[in-house]
Amino acid sequence: MQETKTLMAKFMGLFAGLALSGAAVAADPALPQVSLKTTEGEIVLELNQEKAPKSVANFLAYVKSGYYKGTIFHRVIDGFMIQTGGYSVDLKSKPTRPPVPLESQNGLKNETYSVAMARTGDPNSATSQFFINVVNNEGLDYPGRDGFGYTVFGRVIKGHAVVDKIKGVLVDDKPMFANIPVKPIVITSATLLKTPVPVEPPPQAQAPVTQ
């Protein structure tokens, strides 16, 4: 009888775990959250200041200053990433803070819905621009193709559908810009959340629907 009860308890625990695998979970108060409100909807980012302290501090400085308001997603490549944080709607470059050192060896991966710092060929050139990976981009992880990789400093925890919508918009090329959305996608506000929101699982992590 005792063995039967033990097996039943294990089964119920497994069932509960499967049932909750697609549900939102409580936020970690040690991980700051930033709400990006865009013309396509809201995206909430969770920032890993333990593993990427310099990149997170830099990003939050831009957020708190209101820098990202009015910036556009200027490079959108479905099957790769969506990039923003450097240009206004009239395609003018915004002045930036000093660059931050590379933190690509922190163990965080350029996987789907992760957030990473954009940079030039100089590994220590990241300033305001960042991108959201829309697929698993292992080639961007340290050491990457160039021996340095790209710093991941957070992930999307809400608004995955908005990211998916943005990655599929119509794009074109303009002087100095490739793969820029035909209809501008604008960040209308970027705010550090005082009250954390629950972490929503990405679509592929949701529990399958049983018939």
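Taking amide H atoms as placed 1.01 Å from N in the peptide plane, the amide H of LYS51 has no partner under 5 Å among residues 5 or more positions away or on other chains.
A compact globular protein would have a Cα radius of gyration near 2.2 N^0.38 Å; the ratio found for segment 90-172 is 1.15.
What's the local net charge at TYR68, with K and R +1, D and E -1, over the other residues with C-beta under 11 Å away? Net of charged neighbours comes to +4.
Simple spin-label estimate for ASP122 and ASP78 gives 3.6 nm between the two label positions (7 Å along the Cα-to-Cβ direction from each Cα).
3J(HN,Hα) along segment 34-42: 10, 8, 9, 8, 10, 5, 10, x, 9 Hz, from the Karplus curve 6.51 cos²θ - 1.76 cosθ + 1.60 with θ = phi - 60°, whole Hz, x for Gly and Pro.
Across segment 30-197, C-alpha contacts under 8 Å between residues 6 or more apart give a mean separation that, scaled by the residue count, equals a relative contact order of 35 percent.
Working note: Cα atoms of segment 30-197, range along each principal axis, descending, whole Å: 39, 36, 30.
Using the structure shown, select from LYS64/LYS109; LYS51/LYS92; LYS69/LYS174; LYS174/LYS194; LYS37/LYS167 the pairs with a Cα to Cα distance greater than 28 angstrom. Beyond 28 Å: LYS51/LYS92; LYS174/LYS194.
With a cut-off of 9 Å between beta carbons, the residues surrounding ASN110 carry a summed charge of -2, where Lys and Arg count +1 and Asp and Glu -1.
Values quoted throughout were computed directly from the atomic coordinates according to the rules given, and no laboratory measurement underlies them. Being a predicted model, the structure only gives us computed values, none of them experimental. As a convention, Cβ positions derive from the backbone with ideal geometry for all residues, glycine included, and neighbour counts pool all protein chains shown.
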